[in-house]
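In what follows, a structure is listed as structure tokens, so that the remarks can point back to it.
Every number in this text was worked out from the coordinates using simple rules, so none of it is lab data. Because the structure is a prediction, the values reported are computed rather than measured. Virtual Cβ from ideal backbone geometry, glycine too; neighbours counted across all protein chains shown.
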Amino acid sequence: MKTKRFTTVFPFPAAILLMLSLAIVLSPVFAAGSALDIDVRPENSTLLYQSDGTSTIQIRVIAPDHLPIPDRQPLNLALVLDKSGSMGDEGKMDYVRQAAHMLVNRLGPEDRLTIVTYNHRVQVPISARRVKDRQYFHRIIDGIYPGGRTYLSGGLEEGFRHAKKYRKKGFVNRLILLSDGLANIGLTDARQLSRRTGIMYESGVAVSTFGMGYDFDENLLESMATGGGGRYHYISRPGDILAALHKEFNMAASIVASGVEIIIRPLDGGRFESTPGHGWRLENGSAIIGLGDLSAGETRTLMAQMSVPTGKLGDQDVADIAIRYRDPVTGKTSRTDWSPVVLSVVDDPSVHREKFDIEVQEKKAVIESNAMMNEAAKKVDEGDSDGARSIIQKVMGALKASPAASAPALQEEMKRAEEYSGRLDGLDDMAPADVREMQKDQKYRSYKELHQ
């Protein structure tokens with residue numbers, strides 16, 4: 001394929017992205033392995049004497065912004081592409097090829113790229129090849145055409161095999177999987193595939209997923225990305241794949257910490273209860289919440305629900321909180337200093353009322369709203385629209401009752417909850433494709449709010 005022909009197939013927005021891409025390849029990026037910061041703020045620094053002792057702690061994990069170095073760390077990247085028959089619809093494969101071309105132009109001569117394609121069979125047109133002869137990669141990409149069924153697990157495993165085989169010290173390792181349909185060959189269970197991506201992540205290869213159109217299983221791709229320490233991207237319009245892959249590359253190229261985990265160590269009878277929108281596990285009495293990889297400039301915010309004894313006045317040591325993470329290049333594990341959470345048990349309600357943090361209350365309401373709206377969407381998937389409406393009513397009631405109810409962010413949450421509730425009223429009259437689009441839009445919005 002001639003270079004001139006290649007550049008002329010891009011629509012205007014993609015051409016701009018390509019120019020930006022080439023500039024970024026030559027620009028300094030953030031240093032890998034730099035220390036993360038943690039900010040811990042309780043919703044209220046006091047608890048009422050002999051109350052139920054419920055407390056919400058906001059935890060923010062902050063990656064550094066400005067750590068330029070002359071060269072970014074090289075990437076060992078596996079690009080796993082669905083080429084089943086449905087990828088021929090709406091020009092999806094054309095856009096995927098354009099995005100893959102763009103990615104090749106982003107990569108440098110020290111980067112390694114594997115390309116895996118899958119339909120009912122799995123093929124490896126390129127195995128962990130250094131990106132020196134770009135025209136060779138472009139020719140291979142131009143030869144990818146759709147047809148057949150969807151052997152997603154086969155493509156995933158083959159991409160991982162090559163990424164793991166060529167994993168080296170000094171490289172950032174990542175697998176990017178794209179699909180537009182339902183996995184219908186091989187392993188198809190979401191929990192099992194999520195466990196597999198979790199094993200891949202523990203082996204040093206993060207997994208991000210891209211879902212195109214309205215026919216793929218968003219629950220599957222989201223759980224795979226969450227288990228794999230990467231990101232899930234929903235591509236409602238085929239042309240959006242260009243910008244999404246551009247963003248994914250930027251983040252993969254500027255990872256500062258891998259395997260990021262929040263450690264909550266309860267003290268003095270305190271008990272960790274939950275964190276809305278996030279799973280967790282117990283480890284030696286501490287709650288561990290996994291966040292995956294963090295890139296330069298990223299901040300992740302979550303709310304930890306704690307139960308605290310309130311039978312004694314005065315200061316109460318509630319918990320110690322820290323972050324554990326790996327250097328994405330060397331694999332060295334580090335931990336921040338412990339951040340203590342100390343709350344004061346008081347018997348004066350007026351003192352307690354004065355100690356609320358309105359900013360934490362606002363963020364808490366947004367996070368809890370999105371976690372509940374995600375549950376409502378799952379009820380719709382199960383055919384329980386009445387159960388979904390019940391959850392939405394609780395969401396709207398909580399938003400109205402929040403002390404931060406007048407904040408623009410909460411007003412927007414209320415508007416979206418009302419819109420979703422209204423659409424559910426006409427659910428029986430909606431075309432199946434419109435229902436799938438509605439569901440994916442709702443769940444993706446919740447996903448983004450809960451993972452930032």
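Computed quantities for the displayed model
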read-out	value
Rounded if a/c under 1.5, otherwise prolate or oblate - the range 93-238, Cα gyration tensor axes	oblate
Modelled FRET efficiency - R0 35 Å, residue 145 with residue 434, Cβ distances, 0.05 increments	0.75
Mean Kyte hydropathy of 1.0 or more with a Cα span along the axis of at least 15 Å, helices from DSSP in the chain	12-25
Reach of residue 169 by Cα under 17 Å, taken over lysines that are not fewer than 8 positions away in the same chain	332
Ascending count of other beta-carbon atoms within 10 Å, so fewest first, for 356, 272	356, 272
Packing-based order for 379-387, 55-63, using average beta carbon neighbours within 10 Å, highest first	55-63, 379-387
Cβ crowding within 10 Å averaged over residues, with 337-345, 210-218 ranked highest first	210-218, 337-345
Additional length obtainable on full extension of the chain from residue 378 to residue 38, 0.36 nm per residue less Cα span	119.2 nm
Residue 134 paired with residue 393, simple spin-label distance in nm, labels 7 Å along Cα-to-beta-carbon	5.9
Estimated FRET transfer efficiency when R0 is 51 angstrom, pair residue 236-residue 317 (beta carbons, to 0.05)	0.60
Mean residue ellipticity (222 nm) of the chain, computed from DSSP H runs ≥ 4 via -39,500 (n - 2.57), nearest 500	-12500 deg cm²/dmol
Net charge dipole size for the chain [Lys, Arg +1 and Asp, Glu -1 on Cβ; Debye, nearest 20]	2440
Amide N proximity, the range 282-301 versus residue 267 label position 7 Å along Cα-to-Cβ, cut-off under 17 Å	285-287
For the range 358-450, with +1 on Lys and Arg beta carbons and -1 on Asp and Glu, the positive-most of 372, 431, 442 along the dipole	372
Reachable lysines from residue 448, criterion Cα separation under 18 angstrom, eight or more residues apart if same chain	247, 363, 364, 378, 415, 440
Förster radius 51 Å - calculated FRET efficiency between residue 347 and residue 247, Cβ distance, rounded to 0.05	0.50
Over the chain: Rg over Rh, Cα atoms, Kirkwood Rh	1.00
Gyration tensor (alpha-carbon) shape descriptor, the range 296-452, a/c threshold 1.5	oblate
Extension gain from residue 339 to residue 51, taking 0.36 nm per residue of separation minus the Cα-Cα distance	101.2 nm
Protection-proxy order for peptides 168-176, 184-192, each taking the mean of Cβ atoms within 10 Å per residue, highest first	168-176, 184-192
Theoretical gain in end-to-end length, residue 359 to residue 423 [0.36 nm per residue, Cα-Cα removed]	19.9 nm
